[in-house]
Structure formats: C-alpha cells, structure tokens
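Nothing in this text is a laboratory measurement; each read-out follows from the coordinates by a stated rule. Just so it is clear, the structure is predicted and the values come from calculations on it, not from any experiment. All Cβ positions, even for glycine, are placed from backbone atoms using ideal geometry, and neighbour counts span all protein chains on display.
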Amino acid sequence: MKPKLFTIFALLTLTLLSWGLYEALIGAPTEATMGPIQRIFYYHVPCAWVMFMCIPANFVASVIYLMKRNMALDAFAVSTAEVGVVFCTIVLLTGPIWGRPVWGIWWTWDARLTSTFILWLLYVSYLLLRTLVEEPDRRALLSSLFGIFAFLDVPLVFGAIRWWRTQHPSPVIMGGANSGLEPTMKAVFFFSAFAMHVLMVFLVLERYNVEKMSDEVDVLRRELEAA
Amino acid sequence: MTFGATLRHTLSKDLRLEWRSKDAINSMLFFALLVVVIFSFSFELTPEESRNIAGGLIWVALLFAAVVALNQTWARELRNQVLDAYRIAPAPLESLFFAKVLGNFIFVSVLELLMTPLFVVFYNLRSVGPIYELVIVSMLGNWALVVNGTFFGAISLRTRSREVLLPLILFPISIPALLAMVNATTATLTGEGSAHLPLVFLAVYDVVFTVVGLFLFETVLQAE
C-alpha cells in the first residue's frame, strides 16, 4: 500500500473506532440488569464476528495455495490467521471481564468458552508451525496443509463440546423469537461491528504487505549468499 | 506395485523392524507406566472417584505415549535415504501412508493391551457398563490418534525441533477426538449416560481425517 493511502485508511479506521467507542460508552443506553458492564458487548461480539471471518479466509487461502502454489496466497493465509488469533484473544479477554461481575466467575469450561479457546489453540499452533520451518516453500505448503486440518477440526470441536451444557448467553442478533436488541443498542452494535471489520481489513492488508516485504528480503538475502 | 502389495510389504517390514528392535513399544510402555504411576501419586483415589476420572487418565497416558512411537515412524525412513526411494518408486504413496497408520495402530493397540491390566490393578477399576463398548472406544480412539499422528509426523519430519513440533500440532487437532474418547470411556465405566453419541462422533472423526490424510499425503511427501 502506498504511504498516502495507508495514512488515509489508518485515519478512517481510527475515526470509525473512536466513534464506535464513544457510542458504546456514552451513546448506548445502560442495560437494565447488568449495568455498564454490558457495554463490553459492543466489542466482544464484533471481535468474535471478525474472528469468524478470518478463519474461513485462512482455509480458502490454504486450499487455493495448494492448487496454485502462489506465495501471495500464503502471505494472505498467514495474515488472516494472525489477525484471527488477535481478535480471538480479544474475545477471550473481554469475555472474562464481563463474566466476573455478571456470572461471578472469570472462567468456566462451558461449551462456547471452551470451543473458542480450542479454536485459539489451533491457530496458535498454526503460527507456531510456521516459525519452525525455515524454507519458505515448504513452510507455505506445510502450513496450508495444517490450515486445512485445523479448519476441518472446527466443526468437530463445536460438535464435541455441545455435550456440555452452556452458560453463555444465547445469541441476541439473529437469535430465536424472543431475542433482540433495543433499537439504539442495535444501531451502536452494528456500527461497532462495521468499524471492527474495517479494522480487520486494514490489519490483514498491512500484515500481507509486511509478509510480502519479508519474502522479498528473504529472496535478496539468498541471492546475496549465493553470489 | 499395487496398493495392496505395497501396503503388505511396508507393514510387514515395519512390524519386523519393531519386533527385532522393540524401540517404539519399549519406550511407549515405559512412558505410559510412568504417567500412570505419577497420576496415582498425585491423587489419592477411592474406587468410586477413580472410575470417574480413569477415562481421562487412560487417554492422556496413551496420547503422550503414542507420540513417542509416532515420532519414530518417519525418522526411521530418513536413514539410508529410504524415503527418497519411496518417492521415486512406482508405488502408490497412499499405501505407504496407510501402512504406516496401520503399523502405528498395531503398536498402540499392543500398548493398550499391556496397559489395561495395569490400570485395572492400580486404579481398582471395574466397569459398570458393557466391556465390548470399551473395546470399540479403544479401537476408534486409537485410530483417531494414529491417523493424524502419522500425517503430522510426516509434516514435522524435516522441521526444526521435530520431536517438539509433533505434539504441538497433533494435540490441538486431537482435542475433539480426545473429548469423545474420554466421554465414551467414562460413560461405560460408570454406567451413567450412553457411550453411543461419542462413539458415532469418533467414527465420523476417523473417517474425515483418514480420507483427508490419504488425499493430501502425496503433497506432504513431495514437499521434501
């Protein structure tokens, strides 16, 4: 990305996030039973949504990499995995902050918490695998294979964990008949989700550029060593 | 060579090697034994309690022990460039993968057979549910561990710190299978709840990863 474009995109993201933060903290009405702590919802759920965008993107990039063997796809795959792990980490951190006052406990091995945590473990091990393979082509190939395995594992993780009863609130957006949000809350929520997706696109693009650059540096270093 | 012939030859070679050296089975057995002893030191258990947690203990011990064998599967083939010979041989590579999985399956099954009496004695176990269910769980669970383990063993073959990498990538992928194995085993041992659902789940897990493994194995080997 050109420096100018980068600055514009960064400023846009920052503005959206700041406005989202203002709306979440001040604009939205205080929830009746939980009080101010409920406001973390405007971060927690959008981050989870972003995470569920990144992980399928990683899978698609991995599959196409296997077919085309194009390093750009590998760069894209690692970007989505890294950004996905970051957002998953935010979900796992904001959850307990909310859980402590509302449930009275930081953590419980409930279905959704556990499956999100295992998801996090899977993609951290994807990133770990990458650090342990030095040769770029082989690293790309092996991590794309692992990316496919990890993604196939996701529905199995969710299935396996459903046997435990869940304590996590059921979805309020697109949930059942009795779910739903107060209109202002809904507006704030969707704005926040939108801002978070813009942040995701920004981060993935930037991470992609960094990966491309480090690939180039790698190639140059090899040429230098060979000369 | 055909699929069947390659499979038979590779498998019998691996079994013969193991029979003569006993590398994998000895280290697995000793390792599992250590885990069992350390666990029993860590918890003072009544028979009732041990029935409740034995399902977890057994599978954790087997999972750790299986990694020992899985790490050796492919490393063995690096000596004398055997793997390169496989790669240029006009034989289907899937059958090589399948033979390795079967070999590991047999090793871990032997381990299970030897460990079962120890578990029964050390933890005062008596199954409330039907024994045949335990046999099915152990076979399906064993397959789930070795099919992914053999595949990831091939992936981690020429990486830095190979021995460390295998559990790092194998354990997270195996978590859903492990949950099912533990659930099924505990349900059978305590007689509370049914082992049916976890067994079906395990079968699905096995089929999914066997198919994907067979399908993608050639790519892994050609990456060398």
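Things worth noting here:
- For segment A:147-160, 3J(HN,Hα) per residue [Karplus equation, 6.51 cos²θ - 1.76 cosθ + 1.60, θ = phi - 60°, Hz, x = Gly/Pro]: x, 5, 4, 4, 5, 5, 6, 4, x, 5, 4, 5, x, 4
- Nearest-0.05 FRET efficiency for residue B:163 and residue A:187, computed from C-beta distance (R0 51 Å): 0.40
- Sorted largest first, the principal axis extents computed over the alpha-carbon atoms of segment B:6-47 equal 49, 18, 11 Å.
- Cross-link partners of residue B:13 among aspartates and glutamates, defined as those whose alpha carbon lies under 14 angstrom from its own and excluding same-chain residues fewer than eight positions apart: B:77.
- Segment A:1-60: radius of gyration over Cα atoms, expressed as a fraction of 2.2 N^0.38 Å: 1.49
- Coarse-grained scattering of chain A at q = 0.14 Å⁻¹, given as base-10 log I(q)/I(0) from a Debye sum over alpha-carbon atoms: -0.98
- Other residues with beta-carbon under 15 Å from the beta-carbon of residue A:41 carry, at +1 per Lys or Arg and -1 per Asp or Glu, a net charge of +1.
- In chain B, the longest principal axis of the Cα atoms and the axis of helix B:131-155 are about 40 degrees apart.
- Extreme residue, positive dipole direction of segment B:39-84, given options B:40, B:60, B:74 (C-beta unit charges): B:74
- The convex hull of the Cα atoms of the protein assembly as shown, projected and averaged over all directions, covers 26.5 nm².
- For chain B, averaging the sequence separation of C-alpha pairs within contact (under 8 Å, six or more residues apart) and dividing by the residue count gives a relative contact order of 28 percent.
- Global size of segment A:42-138 as Cα Rg and Dmax, reported in angstrom: 15.6, 51
- Rounded to the nearest 20 debye, the dipole magnitude of segment A:53-133 is 80 debye, with +1 charges on Lys and Arg beta carbons, -1 on Asp and Glu beta carbons, and the Cα centre as origin.
- Label-point separation, residue B:12 to residue A:5 (7 Å along Cα→Cβ), nm: 6.3 nm
- The calculated FRET efficiency for the pair residue B:44 and residue A:110, based on their C-beta separation and a Förster distance of 25 Å, comes to about 0.30.
- Distance distribution note for segment B:131-198: the fraction of Cα pairs above 15 angstrom is 56%.
- A simple rule links phi to the HN-Hα coupling: the Karplus curve 6.51 cos²θ - 1.76 cosθ + 1.60 with θ = phi - 60°, which for segment A:198-214 gives 5, 4, 4, 4, 4, 5, 5, 4, 5, 5, 4, 4, 4, 5, 4, 5, 5 Hz, with x for Gly and Pro.
- Anisotropy class of chain B from Cα gyration tensor, a/c 1.5 cut: prolate
- Evaluated at q = 0.24 Å⁻¹: base-10 log I(q)/I(0), Debye formula over Cα of segment B:23-108: -1.14
- Long pairs among A:212/B:100; A:4/A:212; A:2/A:186; A:2/A:212, criterion Cα-Cα beyond 26 Å: A:212/B:100; A:2/A:186
- Volume of the Cα convex hull of segment B:105-224, divided per residue and given in Å³: 108 Å³
- Potential lengthening between residue B:139 and residue B:81 on full extension [0.36 nm per residue; Cα-Cα distance subtracted]: 17.6 nm
- Bins of 5 Å, starting at 0 and running to the largest distance - Cα pair percent for segment B:63-156: 2, 12, 20, 21, 15, 11, 8, 5, 3, 2, 0
- Theoretical ellipticity at 222 nm over chain B - DSSP helices of four or more residues, -39500 (n - 2.57) apiece, nearest 500: -29500 deg cm²/dmol
- Surrounding net charge for residue B:210, when Lys and Arg each add one and Asp and Glu each subtract one, Cβ distance under 13 Å: -1
- For chain A, built as a Gaussian network whose Cα springs stay under 10 Å, the top-fluctuating residue of A:39, A:112, A:100: A:100
- DSSP-assigned coil residues among chymotrypsin sites (Phe, Trp or Tyr not before Pro) in segment B:1-97, each with at most 16 further Cβ atoms within 10 Å: B:43
- Taking each residue as 0.36 nm, the span from residue B:26 to residue B:192 lengthens on full extension beyond its C-alpha to C-alpha distance by 56.2 nm.
- In chain A, the calculated helix contribution to ellipticity at 222 nm averages -27000 deg cm²/dmol per residue, counting -39,500 (n - 2.57) for every DSSP H run with n ≥ 4.
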